[in-house]
Amino acid sequence: MATVTFDTLKFVECLKEHDFTEEQAKGLSEAFKEAQNTSLQDLAAKGDIKELKHEIKELELRLKHDLTLRLGGMLVTGIAVIAALVKLL
């Protein structure tokens, strides 16, 4: 995962130059740094995406298999019901 460096001292100095108090500048700097680190941790890596694609393909195959079995079962049941009705009449 790529890391992004954040110069908190330079950020604080810049804020102080624009009429922020030192306390305000330090608080904002910490909040910004924390938000930046949190969002970096939430990013997905290429490996994560590859793994999810593989899992999706497996789920699609299982769903197709399940639907095929259900459709086949319904067809067999339908044919059996029709055959029974024909035999009765």
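What are the lysines whose alpha-carbon lies under 26 Å from the alpha-carbon of Lys33, with same-chain residues fewer than 8 places away excluded?
Correct list for Lys33: Lys10, Lys16, Lys46.
To the nearest 500 deg cm²/dmol, what mean residue ellipticity at 222 nm is calculated for the chain from DSSP H runs of n ≥ 4 alone, each contributing -39,500 (n - 2.57), summed and divided by the residues?
-29000 deg cm²/dmol
Helix 46-88 versus the longest principal axis of the chain: what is the Cα-based angle in degrees, 0 to 90, to the nearest 10?
Helix 46-88 sits at roughly 20 degrees to that axis.
Does anyone have the angle between helix 8-17 and the longest principal axis of the chain? Alpha-carbon axes, 0 to 90°, nearest 10?
So the helix axis and the longest Cα principal axis differ by about 60 degrees.
If the reach is capped at under 21 angstrom between alpha carbons, list the lysines near Lys53, excluding any in the same chain fewer than eight residues apart.
Within the straight-line cut-off, Lys53 pairs with Lys64.
If I fit a long axis through the Cα atoms of helix 22-41 and take the longest principal axis of the Cα atoms of the chain, what angle between them do I get, 0 to 90°, rounded to 10?
30
Using only the alpha carbons of the chain, what is the convex hull's orientation-averaged projected area in square nanometres?
On the way: hull surface 43.0 nm².
Over every viewing direction, the Cα hull of the chain projects on average to 10.8 nm².
Going from the alpha-carbon gyration tensor of segment 46-89, what semi-axes, largest first and in whole Å, does one get by taking the root of 5 times each eigenvalue?
43, 4, 4
Readers should treat all values here as calculations from the given coordinates under stated rules, not as data from a laboratory. Keep in mind the model is a prediction, meaning the values are calculated, not measured.
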